[in-house]
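Peer 1: Would you mind keeping the following structure in view while I ask a few things?
The values are calculated or read from the model by the stated rules, or taken from the named source; none is laboratory data. A quick note: this is a predicted structure, and the numbers were derived from the prediction, not measured. FYI the Cβ positions are ideal-geometry reconstructions off the backbone, even for glycines, and counts take in every protein chain you see. Just so you know, the surface numbers come from the protein's heavy atoms only, side chains and all, with ligands and any DNA or RNA stripped out. Shrake-Rupley method; radii C 1.70, N 1.55, O 1.52, S 1.80 Å.
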Amino acid sequence: MTSREKILNSIASNKPALTTLPNVPIFEGDGSIERFKTVLEGIGGRAIEVASKTDCQAAIDKYYSDLKNVASDIVKANVAVNLDTTKEILEQVDLAVIQGEIGVAENGTIWVPESNMLNRALPFITQHLVLVLDKNNIVANMQQAYNKLEDVGNYGVFIAGPSKTADIEQSLVIGAHGARSMMVLIY
């Protein structure tokens, strides 16, 4: 018997018995659009309700008309972004408009799977980020959000407000490590 086999046999013979997982109750909470908007605004984001997904372009024209380089597959865009887009092109993006999948009212976060990002770096390298969210996909808390996640694929992220840090001299800096602003268009 080899050393490897001895070690594996020792591990197998000393394996503890399986224990059942505890029953975790489903926590209720306020999953309203108003709660989501209040929390998001409290962490530096902004939420605007639009009548339908097709009205997102009008909101972009109203709030971001001064931005030149837009990447999106939802609204008019002039920067083509895909998985192979170089960092030199990505860093020129002023505004990214991306579909969010699940909004969480308790902390103002939005789940964005990689398949919606156009490029993994886009939500973090853009100067301004707009996430588009179906109001029917807002849940009260993270437990409910995780229960709604189906196939998460290889990568996804919960995004909460614009990038911020208060590490330096206890001064809040917005846009330190990512987007300087974040708006959620709720339809």
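Peer 1: Which residues, counting only those in the range 120-170, are closer than 19 Å to Ala105 by Cα and charged (D, E, K, R)?
Peer 2: Asp134, Lys135, Lys148, listed by residue number.
Peer 1: Can you name every residue in the range 143-155 that is surrounded by 18 or more Cβ atoms within 10 Å (Cβ to Cβ) and either more than 19 Å from Ile98 (Cα to Cα) or in contact with a Leu (Cβ under 9 Å, 6 or more places away or on another chain) (or both)?
Peer 2: Restricting attention to the range 143-155, the residues satisfying the condition of being surrounded by 18 or more Cβ atoms within 10 Å (Cβ to Cβ) are 144-145.
Within the range 143-155, just Gln144 meets the criteria.
Peer 1: Regarding the range 75-84, can at least one residue be identified that is farther than 20 Å from Gly45 by Cβ and of a type in the set (D, E, K, R)?
Peer 2: So the first thing to find is which residues in the range 75-84 are farther than 20 Å from Gly45 by Cβ, and the list is 76-84.
Filter again for of a type in the set (D, E, K, R), leaving 76, 84.
Yes, that holds for at least one residue.
Peer 1: Kindly check whether there is at least one residue in the range 91-102 that is polar (S, T, N, Q) and over 18 Å from Ala179 (Cα atoms).
Peer 2: So in the range 91-102, the residues polar (S, T, N, Q) come out as 92, 99.
Those still in the list that are over 18 Å from Ala179 (Cα atoms) too: none.
Checked the range 91-102: no residue is polar (S, T, N, Q) and over 18 Å from Ala179 (Cα atoms).
Peer 1: Okay, next question. Name the residue that is most open to solvent (accessible area, probe 1.4 Å), counting only residues in the range 111-137 that are closer than 14 Å to Ile48 by Cβ and not charged (D, E, K, R).
Peer 2: Step by step, filter the range 111-137, then rank; the result is His128.
Peer 1: Right, next: Can you go through Asn82, Asn107, Asn23 and tell me which one is within 17 Å of the chain's Cα centre (by Cα) and among the polar types (S, T, N, Q)? Show your work before the answer.
Peer 2: Details: Asn82 fails: within 17 Å of the chain's Cα centre (by Cα); Asn23 fails: within 17 Å of the chain's Cα centre (by Cα).
Going through Asn82, Asn107, Asn23 in turn, the sole match is Asn107.
Peer 1: Could you go through the range 140-154 and let me know if any residue there is farther than 30 Å from Pro25 by Cα and modelled with pLDDT under 95. Let's see the steps before the verdict.
Peer 2: Residues of the range 140-154 that are farther than 30 Å from Pro25 by Cα, as a first pass: none.
Within the range 140-154, none of the residues are farther than 30 Å from Pro25 by Cα and modelled with pLDDT under 95.
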